[in-house]
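The values are calculated or read from the model by the stated rules, or taken from the named source; none is laboratory data. Computed from a predicted model, the values in this text were never measured in an experiment. Note that each Cβ is placed from the backbone with ideal geometry, even for glycine, and that neighbours are counted across all protein chains shown. The area values use the complete protein model at the heavy-atom level, side chains included, leaving out ligands, DNA and RNA. Shrake-Rupley method; radii C 1.70, N 1.55, O 1.52, S 1.80 Å.
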4 protein chains.
Amino acid sequence: MPIFCYGNSFVNLFLPVTHMAQRVHIGVIGAGDCSEELYQLARELGRYIGRNTWVLFCGGLGGIMQGAAEGCSLEGGMTVGLLPGNNKESANPFITLPIPTGLGEGRNLLVVRASDVVVAISGGYGTLSEIGLALRIGKPVVGIETWPGIDGIEYVETAEQAIGAVERYLAGLRRKP
Amino acid sequence: MPIFCYGNSFVNLFLPVTHMAQRVHIGVIGAGDCSEELYQLARELGRYIGRNTWVLFCGGLGGIMQGAAEGCSLEGGMTVGLLPGNNKESANPFITLPIPTGLGEGRNLLVVRASDVVVAISGGYGTLSEIGLALRIGKPVVGIETWPGIDGIEYVETAEQAIGAVERYLAGLRRKP
Amino acid sequence: MPIFCYGNSFVNLFLPVTHMAQRVHIGVIGAGDCSEELYQLARELGRYIGRNTWVLFCGGLGGIMQGAAEGCSLEGGMTVGLLPGNNKESANPFITLPIPTGLGEGRNLLVVRASDVVVAISGGYGTLSEIGLALRIGKPVVGIETWPGIDGIEYVETAEQAIGAVERYLAGLRRKP
Amino acid sequence: MPIFCYGNSFVNLFLPVTHMAQRVHIGVIGAGDCSEELYQLARELGRYIGRNTWVLFCGGLGGIMQGAAEGCSLEGGMTVGLLPGNNKESANPFITLPIPTGLGEGRNLLVVRASDVVVAISGGYGTLSEIGLALRIGKPVVGIETWPGIDGIEYVETAEQAIGAVERYLAGLRRKP
């Protein structure tokens, strides 16, 4: 059976593989510890990401990162955790690809660098730094109950609205030369 | 069909997902430009990696990196390219997960940090730096036609022998507490 | 002659060299392009830093970074520029030690990591990321006309007040075991 | 009085400050633990560096790094330690500017990136990685009793010969447009 199975999609080997590089990468950033309500919101967002066969990038730890990874992996999506430490075992259980970087907070830049669009949910100082880095290097940032009043963030209230905003940004990216 | 398809293996959703963190990561390092013969050797090594449903980590560019990625992806394996630049489009066409790091040569450390075992095939100064970094942080290194006389490298001659050495190292890692 | 002269130069060898590691490092972060008024404020802050024989750490480029470096170097202080690119020639002319990192925005983390206390003056997204990183890793942040409403920043209005806040933080750090 | 005094200190303001960016940076890399004989060799090399008012860059720890820093600081030279950890207190006592990077082995790239010419004395795997990185990014490498047989290293036997080789490289760099 010469098929390549990836996510919840079957890919024919004769499909031009360059297509792969076009897969959408969505970064989800947020607190490593969060309320049940925000966890469910992150999980719902993750499900949309997985259903779209987009790849989820996050910091690989708990809270918002775990909620998004749980939702995405439930839909068969790929979840990448760029970990601050040296051991892939430190990833939450829904990370399909744990990448230990050993860079500490330096991994924050990698999360936003690897993403086409970033969604911030709540979050502390680490998330604030990722918002700043993302906007600095020109990545669109969608925010839900996160740091307020930052010009450049598109603030929304629900996971569904966040996905709508992400899709508008992706449409814009595709129009670029 | 509530299954999660990944690589050439079917995974039941009820399988404990923590299993994922146990997936083996093999780094393949080598010159970005190489002879047809070495390309085929890297491709053969990649096929073994893919058949074992191990994840291939490399620098994502041409030569040895592309050969290994081609072989691995032909077997339905996952191929991660940790790219020096800012654009995922710079990856070779067999990279299923291109990760632009923007760190230049700084990405070399990430390749070896993410890998359980590293295989070096030929290679120039960049590969030499990766060999040094891998051995420095305690990762086993298997070498084929690469920098000679480095104590700590297990030198072999064929892709098959390299896989044998990798499997011995993996068995040793599993025995560790 | 109890002076330490750097350059072509003489040293009192009996000066306890371990004392050096205790030198205070002050990070000044802010926009690479700023108004004349803010430049003068940064320059005034730099003069205080230089007079205290503290070492100035910054990103090494223009605007606030240059203002602070000009003031500090005028007082004979040392000014370190952690540059995003590969060439030390990209530093502003008041940087006594230009350090090209080649890490792009990754150098932002290095600026705050190297500093005991960070002072933010105005600033855009890059500065926002540095504020987030500094607070994340536990460095005190003093802010002048910078991103508002960030819990954790001690907001002040003048260079003199900033130095007062810095001195209070340093006194607190010295009291730690 | 055309001197530049660093510390508590006075500066001839008419000295062209742009001159600073032209200061030569010499990286000295090598084992963190070494024989007394190699320590003295590193110390002698450091004295030449200090006398030439070049800036010494190193990893800031013991062994070869400390020997070079001791020699350089004895001559009033500046010694920069790019430390793997988060605390400047981990630097050896002869480092005048300790820079904690928090990047672990990632700091190896910073040492060679900041240097115009690199001198390797003995050394283990970390030094091997720095040699590879330096040659990869085009920095000249002079080697004394270090990893043998690496095409690209200029091997010499004494500190005096090393300085001669460094000076030839610097003359070559100055001739470049």
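Miscellaneous remarks
- Residues of segment A:124-144 that are of a type in the set (Asp, Glu) and without any contact (Cβ under 8 Å) to a residue 24 or more places away in the chain: none at all.
- Every test in (1) within 14 Å of chain A (Cβ to nearest Cβ); (2) assigned to a helix (DSSP H, G or I) is passed by residue C:164 save one, and that test is (1).
Per-residue answers, yes or no, for (1) acidic (Asp, Glu); (2) more than 15 Å from the chain's Cα centre (by Cα); (3) more than 23 Å from residue A:25 (Cα to Cα):
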residue	(1), (2), (3)
B:35	no, yes, yes
B:56	no, no, no
B:59	no, no, no
B:65	no, no, no
B:87	no, yes, no
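- Test: residue A:159 is more than 20 Å from residue C:133 (Cβ to Cβ) and in contact (Cβ under 8 Å) with a residue 60 or more places away in the chain: yes
- Boolean, residue A:98 is more than 16 Å from residue A:29 (Cβ to Cβ), at pLDDT 95 or above and within 17 Å of the chain's Cα centre (by Cα): yes
- In segment D:30-123, counting only helices (runs of 4 or more DSSP H) that sit wholly within it, the ones holding 2 or more residues that are in contact (Cβ under 8 Å) with a residue 24 or more places away in the chain, open to solvent by 10 Å² or more (accessible area, probe 1.4 Å) and more than 13 Å from every other protein chain (Cβ to nearest Cβ) span D:36-51.
- Tally, over segment C:88-109, of residues that are under 19 Å from residue B:86 (Cα atoms) and not small (Gly, Ala, Ser): 7
- Test: residue in segment B:8-25 that is modelled with pLDDT of 95 or more, under 25 Å from residue D:132 (Cα atoms) and not small (Gly, Ala, Ser): yes
- Just so you know, in segment C:162-177 the residues that are of a type in the set (Lys, Arg) and closer than 23 Å to residue C:50 by Cα include one that is least open to solvent (accessible area, probe 1.4 Å), and it is C:168.
- Residue count, segment C:161-177 (criterion: charged (D, E, K, R) and at pLDDT 95 or above): 2
- In segment A:124-161, the residues that are surrounded by fewer than 20 Cβ atoms within 10 Å (Cβ to Cβ) and assigned to a helix (DSSP H, G or I): A:160, A:161
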